[in-house]
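All of the numbers you see were taken from the coordinates with simple rules; none came from a lab. Source: prediction; values computed, not measured. Glycine also receives a Cβ, built like all others from the backbone with ideal geometry; neighbour counts cover every protein chain displayed.
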Amino acid sequence: MEKKDLKERTKKFALKVIKVVEMLPRGRIADILGRQLLRSGTSVGANYRSACRARSTADFISKMGVVEEEADETIYWMELLIEAGLVRKDDLISLLDEANQILAITISSIKTARKSKK
């Protein structure tokens, strides 16, 4: 996958996260979880863009590690929303799938970068 493709994909992911957060029911718990989801879900793309500007392989690996953490955290917040009964699983299944795919791509990129560094 090309950098340009993943940049666009992570931006679309962030936009979908924004829509999900906008549709959450109003209430203290949903607001707190939604804020966390919004923060992590939008930072996936922002941190990936930063990784694309890495100055070295070590810098790339480090920055992609942040992308990995944010993608995994985004999955966590979505799972909490579902398990707390604030969102139906069916409403998040495609977004969860996309988050898992982005996470897998990120992990693969880190492994490839580590191999090429040696």
Past 18 Å, Cα to Cα: identify those pairs from LYS7/LYS117; LYS16/LYS63; LYS16/LYS89, in the order given. LYS7/LYS117; LYS16/LYS63
In the chain, with Lys and Arg counted as +1 and Asp and Glu as -1 at Cβ, which of these residues, ALA99, SER116, SER40, has the Cα nearest the positive end of the dipole, that is, farthest along it? SER116
Fewest-first sequence of PHE60, PHE13 by Cβ atoms within 10 Å of each Cβ: PHE60, PHE13
Packing-wise, with mean Cβ within 10 Å as the measure, how do 20-28, 45-53, 78-86 rank, highest first? 45-53, 78-86, 20-28
Once R0 is set to 22 Å, what does the formula 1/(1 + (r/R0)^6) return for the Cβ-Cβ distance between ARG88 and LYS7, expressed as a FRET efficiency to the nearest 0.05? 0.15
Answer with one residue from VAL67, SER50, THR10: the one whose Cα lies farthest towards the positive end of the charge dipole of the stretch 3-117, charges on Cβ with Lys, Arg +1 and Asp, Glu -1. SER50
Under 13 Å from LYS111, Cα to Cα: aspartates and glutamates that are on another chain or at least 8 residues apart: GLU68
What number, rounded to the nearest 500 deg cm²/dmol, is the helix-based mean residue ellipticity at 222 nm of the chain, given -39500 (n - 2.57) per DSSP H run of at least four residues and division by all its residues? -30500 deg cm²/dmol
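Give the dimensionless ratio obtained when the Cα radius of gyration of the stretch 3-117 is divided by 2.2 N^0.38 Å.
1.10
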Unit charges on C-beta of K, R, D, E only; dipole of the chain, Debye: 680 debye
Fewest-first sequence of SER40, SER62 by Cβ atoms within 10 Å of each Cβ: SER62, SER40
